[in-house]
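Trainee: The following block contains the structure, expressed as structure tokens.
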Amino acid sequence: MNDTLMLTIAVLGGTGKEGKGLAFRWAKAGYRVLIGSRSPEKAVKAASEIMELLEGTSSVVGMANPEAAEQANIVVLTVPYAAHRSTLESVKDSLKGKLLVDVTVPLVPPKVSKVQMPPAGSAAQEAREIVGEDVEVVAAFQNVSYEHLLGEEDVACDVLVTGTSKKARGEVLRLVEATGLTGWDAGPIENSVVAEGLTSVLIYINKQYGSTHAGIKITGARNQIPESE
Ligand SMILES: NC(=O)c1ccc[n+]([C@@H]2O[C@H](COP(=O)([O-])OP(=O)(O)OC[C@H]3O[C@@H](n4cnc5c(N)ncnc54)[C@H](OP(=O)(O)O)[C@@H]3O)[C@@H](O)[C@H]2O)c1
């Protein structure tokens, strides 16, 4: 096992659709995964469901969000936008010096197929304002539908990775690779507005064309994880 796989990933809101799928894929790749929830019981149940799918070959443990954030090296946030600020406030003291991966899309129901960005510019930029400069914040996976994550299938969607430093984006590109998807360094955190906004476009396309998991593919570039700065 290499050093990367010794890392512990906490998935806050990992009881939900997107988080459970990502947790499954990281656990399958050999990472130690913690499922976070507002309810420790719900987290334990989700963790045991993932363990069952993996036939007990990996380590997935459920606990309350703050404990999961405390024990992890990398914290992944997969909650609805309405819970974004409150979840971050509940864990921010545990995040100092760590990497936060924000999967949140700032959807404003009922008009989820219309781009409606928050005043900070994007959910990821808002996260940075909440957690402060001691935390690297990277936005990723916003365009990946949960539908095929919880299984073996290929997922026909690339991952745009934007964030506060090239080093942090490089770490997240490795996490993307571990899920079996293709990630692209898509630049600074300000660019997260595009990835987050694109989700509403994909939801609109799903509605127009009767699909459930429209995705994106980057063409014309050779994929290779860039060297860290
Ligand atoms: N679903 C997708 O295909 C998809 C794709 C790309 C990005 N995303 C983004 O990923 C995030 C999660 O999406 P999802 O579909 O996985 O959401 P979800 O299943 O509706 O919710 C995920 C988890 O968030 C927690 N949560 C829900 N409402 C909450 C509230 N009011 N306050 C605090 N916690 C709450 C719940 O965990 P506990 O009850 O255990 O605390 C829930 O299991 C969203 O921002 C979404 O836009 C989703």
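The values are calculated or read from the model by the stated rules, or taken from the named source; none is laboratory data. In this text, all values refer to a predicted model and were calculated from it rather than measured experimentally. All Cβ positions, glycine included, derive from the backbone under ideal geometry; neighbour counts span all protein chains shown. The area values use the complete protein model at the heavy-atom level, side chains included, leaving out ligands, DNA and RNA. Shrake-Rupley method; radii C 1.70, N 1.55, O 1.52, S 1.80 Å.
Trainee: Report the dimensions of the range 136-204 along its three principal axes from the alpha-carbon atoms, largest first, rounded to Å.
Mentor: Answer, in whole Å and largest first: 31, 28, 14 Å.
Trainee: Another question about this same structure. Looking at the chain, do any whole DSSP H helices span at least 24 angstrom along their long axis by alpha carbon and average 0.0 or above on Kyte-Doolittle, and which?
Mentor: 192-209
Trainee: When the chain is modelled as a GNM with alpha-carbon springs shorter than 10 Å, which of Ala127, Ala139, Ala82 fluctuates the most?
Mentor: Its mean-square fluctuation being the largest, the pick is Ala82.
Trainee: Between Rg and the Kirkwood Rh of the range 48-106, both from Cα atoms, what is the Rg to Rh ratio? All intermediate terms of the calculation are to be shown ahead of the outcome.
Mentor: Values: Rg = 12.9 Å, Rh = 12.7 Å.
With Rh from the inverse mean 1/r over Cα pairs, Rg/Rh is 1.02.
Trainee: I've got another one for you. Residue separation times 0.36 nm, minus the C-alpha to C-alpha distance between Glu152 and Ile205: what's the value? Intermediate values should be presented prior to the final figure.
Mentor: On the way: separation 53, 0.36 × 53 = 19.08 nm, distance 2.51 nm.
Full-extension gain reported as 16.6 nm.
Trainee: Suppose a student asked you for the relative contact order of the chain, using Cα pairs under 8 Å spaced at least 6 residues apart; what percent would you report? Mind showing how you got there, number by number?
Mentor: Values: 503 pairs, mean separation 39.8, N = 229.
Averaging sequence separation for qualifying contacts and normalising by length gives 17 percent for the chain.
Trainee: In the range 60-218, what percent of the accessible surface is made up of carbon and sulfur (1.4 Å probe, ligands and nucleic acids excluded)?
Mentor: The value for the range 60-218 is 53 percent carbon and sulfur by accessible area.
Trainee: Net charge near Lys42, counting Lys/Arg +1 and Asp/Glu -1 over other residues with Cβ under 15 Å of its Cβ? Mind showing how you got there, number by number?
Mentor: Details: positive: Lys17, Lys20, Arg38, Lys45; negative: Glu41, Glu49, Glu67.
Here the charged neighbours net out to +1.
Trainee: To the nearest 20 Debye, how big is the dipole of the range 93-157 about its Cα centre, given +1 on the beta carbon of each Lys and Arg and -1 on that of each Asp and Glu?
Mentor: In total the dipole reaches around 340 debye.
Trainee: Next question, about the same structure. Take the alpha carbon atoms of the range 10-110, find their radius of gyration, then divide it by 2.2 N^0.38 Å using N residues; give the quotient.
Mentor: Here the answer is 1.00, to two decimals.
Trainee: So, for the chain, what is the accessible surface per residue at a probe of 1.4 Å, expressed in square angstrom?
Mentor: Details: 10880 Å² over 229 residues.
Spelled out: the 1.4 Å probe surface of the chain, per residue, equals 48 Å².
Trainee: Which residue fluctuates most in the GNM of the chain (Cα springs below 10 Å): Val172, Val79, Val108?
Mentor: Checking each option, the largest mean-square fluctuation is seen for Val108.
Trainee: Once you charge only the Cβ atoms, +1 for Lys and Arg and -1 for Asp and Glu, what is the size of the charge dipole of the range 106-229 about its Cα centre, to the nearest 20 debye?
Mentor: 480
Trainee: A further question follows. Take every DSSP beta bridge with both residues inside the chain and express the antiparallel ones as a percent of the total, to the nearest 5. Present the calculation step by step, with values, prior to reporting the outcome.
Mentor: Numbers: 2 of 28 bridges.
Percent antiparallel among DSSP bridges in the chain is about 5.
Trainee: Loop-only GluC sites (Glu not before Pro) in the range 146-220, please: DSSP not H, G, I, E or B, and at most 10 other Cβ atoms within 10 Å.
Mentor: Passing both the DSSP loop test and the Cβ count: Glu152, Glu153.
Trainee: While we're on this one: Ignoring solvent entirely, what values of log10 I(q)/I(0) come out of the Debye formula for the range 116-172 at 0.16, 0.19 Å⁻¹ when each Cα is a single scatterer?
Mentor: Rounded to two decimals, the profile gives -0.61, -0.78.
Trainee: Cβ under 11 Å from Ile130's Cβ, Ile130 left aside: what net charge do those residues give with Lys, Arg +1 and Asp, Glu -1?
Mentor: Neighbourhood net charge equals -1.
Trainee: Would you mind counting up the charge near Ile216? Only other residues with Cβ under 14 Å from its Cβ, with Lys and Arg at +1 and Asp and Glu at -1.
Mentor: With Lys, Arg at +1 and Asp, Glu at -1, the net is -1.
Trainee: Another one. Take the chain, connect every pair of alpha-carbon atoms lying under 10 Å apart with a spring to form a Gaussian network, then pick out the residue of Asn65, Asn143, Asn191 with the largest mean-square fluctuation.
Mentor: Result for the chain, Cα springs under 10 Å: Asn191 fluctuates most.
Trainee: Separate question: Given the range 11-60 reduced to its alpha-carbon atoms as identical point scatterers, what log10 I(q)/I(0) does the Debye formula return at q = 0.13, 0.14, 0.16, 0.21 Å⁻¹?
Mentor: For the requested q values the scattering log ratios are -0.22, -0.25, -0.33, -0.57.
Trainee: Treat every Asp and Glu Cβ in the range 27-180 as -1 and every Lys and Arg Cβ as +1, leave all other atoms uncharged, and give the resulting dipole magnitude about the Cα centre to the nearest 20 debye.
Mentor: Dipole size: approximately 400 debye.
Trainee: Which three extents, in whole angstrom, do the alpha-carbon atoms of the range 170-229 cover along their principal axes, largest first?
Mentor: 42, 26, 22 Å, listed from the longest principal axis down.
Trainee: Need the C-alpha centroid separation for the range 75-114 versus the range 118-163, integer Å.
Mentor: Value for the Cα centre distance between the two parts: 9 Å.
Trainee: Alpha carbons only, please: Rg and Dmax for the chain, in angstrom.
Mentor: Rg and Dmax of the chain, Cα atoms, are 16.2, 47 Å.
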